[in-house]
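Asker: Starting off with a structure, shown below.
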Amino acid sequence: MATREFRLPDPGEGLVEADIVTWHVEVGDEVKINDIVVEVETSKSLVELPIPFEGTVSALLVSEGDTVDVGTPIIAIEDGEGAATAPAGPAEEDLVPSLPESEPDSTVSADDVQSEGAPDGRVAVLVGYGARTTEAKRRPRKSAPSDPVREEAHAQVAAHTFATDVPVSRRADVREPLTPHSAQSSGVPLPAPGVVERPRSVGGGAVLAKPPVRKLAKDLGVELDAVTGSGSGGVITREDVEWTAARAEKAASTGQEEGSETEGRAAVDERRAASTPSAGDVPETRIPIKGVRKATAKAMVDSAFTAPHVSEWVTCDVSATMELVERLKARREFADVKITPMLIIAKAVCLALQRTPALNSSWDADAQEIVIKHSVNLGIAAATPRGLVVPNVKGAQAHDLRGLADALNQLTTTARAGKTQPGEMSGGTFTITNVGVFGVDGGTPILNPGEAGILCVGQIVRRPWVVGSGTEEKIVPRWVTTIGVSFDHRLADGEQGSTFLSDVASILSDPGLALLF
């Protein structure tokens, strides 16, 4: 069987690495072309990767949680065709288009290219890989002069027989044929994919163990030469090292010979139980900075130290907005869509940006220009298990209320499921962040990099509020919230920021004013 290695494809967006999140297959599973085999996390999104060929999974070359570079082999597939091959080198024929070896004028059109497993001749293409448009064509060898003696010798070698009257020695005076010998295997078998091999210092053979296991053995003072591997093909596992260390420790404490494997297992279990900290015993927990958290941290630092932030906020009565939400829920055209105050807030932001386009702009430092955006790509900050992501609704200002509701629901559902793609988070022009869902009244958010403004919405709660005027004033319970805006002072002055915030608050206090925009 031929072994093929699938390499981590280029996800685009300038990304050079990804984290392995979840394997959807195991060793021994059968896969077909375009089956989803693994889910990886880049600094922008989760991506499901399909396999470009079919066969049987022979090895998972990286583990869940590993960070791997683009182009690194991550899974090996036995395709059941041809002879077994060693792990591919830097140029993998399965995924990287090969250069033709034909004459300069020998070309193959794209129509002549056939894809394995694709009857219509189309080539399955993953992100980062293009379709192969040429195929290898070898230059024909020049025919050599006919040599009967050489031809006879080759025929005898192929048939594993030798004639006694054919000279095969280089010496002209030696007529005895060479005695054939069967080829014998030598050395040690190649290790399984992903396993590092180190020759034994004494006794021959090979120690098969992965780098993390070797490090564990070094830390525990265990000689791998003395460990019997229980993994596939004799691979030494973490448990093998721990059992060996536990048996040696027990033998040293009792002054006896090393205990049995059962005793070693028991010692390992006791040590693990003793090393498991109870609540309050752990001084600290360290979390690797990678994926979305790493990208978010870099973006926030760049934004905070690049754009001069100005923040303003206002507290407003949004009882009319809450009443509108309830009326919309009762309407037939909104029966199958989730309606929340965020829908009205998003619509108010789109309308307010039409009157204050400075907050829907960007700063082009290279050209020394302010770029006013004519389309509102409205970002919604969403807290997910992977961290903060900000997908955006493209052209939000062009949606009617029902269309905007559908777009917001799709956006938040996808984000919470961790399926937001990089393209859905690029190109944003203005962002809304809702801290009210956490019971917070307000805040001063940091701008999403490249944007001019961000609106922060606090919790909507019942508060005593003064209504009426003059002798008609009275205090009644109303739905109240605090909204704040942070904006880039290079792009907008206090007048533009204040006007925008006032317009949003006015629409939330009286949605009917939207007819004036």
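Asker: Within region 213-328, which helices (runs of 4 or more DSSP H) (wholly inside it) include 3 or more residues that are modelled with pLDDT of 85 or more, touching a Ser or Thr at 6+ places or on another chain (Cβ under 6 Å) and open to solvent by less than 30 Å² (accessible area, probe 1.4 Å)?
Answerer: none
Asker: Any residue at all in region 494-508 that is surrounded by 11 or more Cβ atoms within 10 Å (Cβ to Cβ) and outside any helix (DSSP H, G or I)? Full working, then the answer.
Answerer: Quick first cut of region 494-508, residues surrounded by 11 or more Cβ atoms within 10 Å (Cβ to Cβ) only: 494, 496-508.
Okay, now just the ones that are also outside any helix (DSSP H, G or I), so none.
No: zero hits.
Asker: Please go through region 329-367 and give me each residue that is open to solvent by 90 Å² or more (accessible area, probe 1.4 Å), over 30 Å from PRO477 (Cβ atoms) and over 35 Å from the mean Cα position of the chain (by Cα), ordered by number.
Answerer: Hits for region 329-367 are ARG332, GLN354, ARG355.
Asker: Continuing with this model, one more query. Looking only at residues in region 60-99 that are farther than 14 Å from ALA2 by Cβ, at pLDDT 85 or above and among the aliphatic types (A, V, I, L, M), which one is surrounded by the fewest Cβ atoms within 10 Å (Cβ to Cβ)?
Answerer: Filtering first and then ranking leaves VAL70.
Residues are listed down the side, and each one gets a yes or a no for (1) under 23 Å from THR356 (Cα atoms); (2) buried (at least 19 other Cβ atoms within 10 Å of the Cβ); (3) of a type in the set (S, T, N, Q); (4) touching a Pro at 6+ places or on another chain (Cβ under 6 Å):
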site	(1), (2), (3), (4)
VAL371	yes, no, no, no
GLY379	yes, yes, no, no
ALA383	no, no, no, no
GLY387	no, no, no, no
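Asker: Further question: Is it the case that some residue within region 448-455 is part of a strand (DSSP E or B), open to solvent by 10 Å² or more (accessible area, probe 1.4 Å), touching a Gly at 6+ places or on another chain (Cβ under 7 Å) and in contact (Cβ under 8 Å) with a residue 24 or more places away in the chain?
Answerer: no
Asker: If you take the residues in region 14-55 that are touching a Phe, Trp or Tyr at 6+ places or on another chain (Cβ under 9 Å) and of a type in the set (A, V, I, L, M, F, W, C), which one is most open to solvent (accessible area, probe 1.4 Å)?
Answerer: The selected residue is ILE33.
Residues are listed down the side, and each one gets a yes or a no for (1) in a loop (DSSP other than H, G, I, E, B); (2) basic (Lys, Arg); (3) in contact (Cβ under 8 Å) with a residue 24 or more places away in the chain; (4) within 27 Å of ALA209 (Cα to Cα):
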{"position": "VAL27", "(1), (2), (3), (4)": "yes, no, yes, yes"}
{"position": "ASN34", "(1), (2), (3), (4)": "yes, no, yes, no"}
{"position": "GLU39", "(1), (2), (3), (4)": "no, no, no, yes"}
{"position": "PRO52", "(1), (2), (3), (4)": "yes, no, yes, no"}
{"position": "THR56", "(1), (2), (3), (4)": "no, no, yes, yes"}
{"position": "SER63", "(1), (2), (3), (4)": "yes, no, yes, yes"}
{"position": "VAL68", "(1), (2), (3), (4)": "no, no, yes, yes"}
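Every residue, every condition in (1) closer than 26 Å to ALA304 by Cβ; (2) in contact with a helix residue (DSSP H, G or I) (Cβ under 7 Å, 6 or more places away or on another chain); (3) open to solvent by 60 Å² or more (accessible area, probe 1.4 Å), yes or no:
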position: LEU401; (1), (2), (3): no, yes, no
position: LEU404; (1), (2), (3): no, yes, no
position: GLN410; (1), (2), (3): no, no, yes
position: ALA415; (1), (2), (3): yes, no, no
position: GLN421; (1), (2), (3): no, no, yes
position: SER426; (1), (2), (3): yes, no, no
position: THR431; (1), (2), (3): yes, no, no
position: GLY439; (1), (2), (3): yes, no, no
position: GLY443; (1), (2), (3): yes, no, no
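The values are calculated or read from the model by the stated rules, or taken from the named source; none is laboratory data. Just so it is clear, the model here is predicted, and its values are computed rather than measured. We place every Cβ from the backbone using ideal geometry, glycine too, and count neighbours over all the protein chains shown. Areas reflect the complete protein model, heavy atoms only, side chains present, ligands, DNA and RNA absent. Shrake-Rupley method; radii C 1.70, N 1.55, O 1.52, S 1.80 Å.
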